[in-house]
Amino acid sequence: PSFIFCLMTSPFKLGQLFQDRYLIQLDLGQGRLSHNYLANDTHRFDEPCVVKAFCPDSRLSLVPDRALNLFQQQARTLYSLEHPQIANFREFFHLPAANRLRYYLVQDFVEGQTYQDLLILRQGRGERFTETEIKELYWQLLPLLTYLHDRGVFHRQLTPANIVRRDVDALPMLVGFSDAPVDDLG
């Protein structure tokens, strides 16, 4: 069967119980390959998680099959990694829907703000990150990058939007993960 190539439409409604497990709490927005939702995992004491519904951005120059391959590769890569600075993989699955398949990836939710959001907040106040803060961020990211490179994984989209400053300990966490070359993403 083919798969659904949704164009910026939201697959879930807030308050919806998906798969009799994931209670959709908040629409986190559209990424390049998925529409992302904060949900509570009712099978794990309502732990927060992120449900990513394969839903490529309509502005990408990808053919649908290539977009799906990249989404599946993201899931395989996440499944193979275990590091305290990567949001944990939970599951990847597909479901039939109107003679097609819908694909989903579920990861742990990391409470905090992306560095992109932190930068926007600072810029709004006429501030920037200091040189010391940037150096500290780099030093905190080095163990993660070493871990990825030692496993032959090269994250080609390591951006402030893909890194969350975790509230509990201020450690940078990789939450958006794609090892697809930028050229492949349009």
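Since every read-out is calculated from the coordinates, none of them should be taken as a lab result. Remember, predicted model here, so these are calculated numbers, not experimental data.
Listing for the model above:
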{"item": "Amide H contacts under 5 Å for residue 26, placed H, 5+ residues apart", "result": "38"}
{"item": "Using θ = phi - 60° and Karplus 6.51 cos²θ - 1.76 cosθ + 1.60, couplings along region 73-79 (whole Hz; Gly, Pro as x)", "result": "5, 4, 5, 4, 5, 4, 4"}
{"item": "For residue 166, distant residues with modelled amide H under 5 Å away", "result": "171, 173"}
{"item": "For residue 91, residues with placed amide H under 5 Å, excluding near neighbours", "result": "106"}
{"item": "Estimated 222 nm signal from helices in the chain, with DSSP H stretches of n ≥ 4 weighted -39500 (n - 2.57), rounded to 500", "result": "-8500 deg cm²/dmol"}
{"item": "Contact order normalised by residue count of the chain, Cα under 8 Å, 6+ apart, percent", "result": "20 percent"}
{"item": "Residue-by-residue Karplus 3J(HN,Hα) for region 15-31, coefficients 6.51, -1.76, 1.60, Hz, glycine and proline x", "result": "x, 6, 9, 9, 6, 6, 8, 9, 8, 6, 10, 8, 7, 8, x, 9, x"}
{"item": "Space enclosed by the convex hull of the alpha-carbon atoms of region 54-155, per residue, Å³", "result": "161 Å³"}
{"item": "Backbone HN-Hα couplings from phi across region 35-45 [Karplus 6.51/-1.76/1.60, Hz, Gly and Pro as x]", "result": "9, 10, 9, 7, 9, 9, 7, 5, 8, 10, 6"}
